[in-house]
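Okay, so here's the structure we're looking at.
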Amino acid sequence: MKCPGQNMQFWKPEDIFEVKCSTCGSDIEFFKDDISRSCQTCGRKILNPRLDFGCAAHCNYADKCKKERD
């Protein structure tokens, strides 16, 4: 079973967003389910500031979902 929150068919436009690299200021594109991304300009690894696993508190498939992300 695929989590509806992770299925891109149900995503909203704001689920794909950009943040500025804290080192060089370049834009880094994130998808809502990215844990981190590396800046294409300077290589710095940036954590997703909007990552939220709040659903894991009540989801029957949370253990499987979290393992897939590790």
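No value in this document is a laboratory result; all are computed from the given coordinates. None of these values were measured; they are calculated from a predicted model. In this analysis, Cβ positions are derived from the backbone assuming ideal geometry, glycine residues included, and neighbour counts consider all displayed protein chains.
Observations
- Distance between the modelled labels on ALA62 and ASN7, one decimal in nanometres: 2.1 nm (7 Å Cα→Cβ projection).
- Sorting the segments 28-35, 43-50, 57-64 by their residues' average number of neighbouring beta-carbon atoms within 10 angstrom, most packed first, yields 28-35, 43-50, 57-64.
- Spacing of the modelled spin labels on ASP15 and CYS42, each 7 Å from Cα toward Cβ, amounts to 3.1 nm.
- Label point distance in nm, ASP52-GLU29, each placed 7 Å from Cα along Cα→Cβ: 2.3
- Built amide H within the under 5 Å cut-off of PHE30, gap 5+: PHE17, GLU18, VAL19
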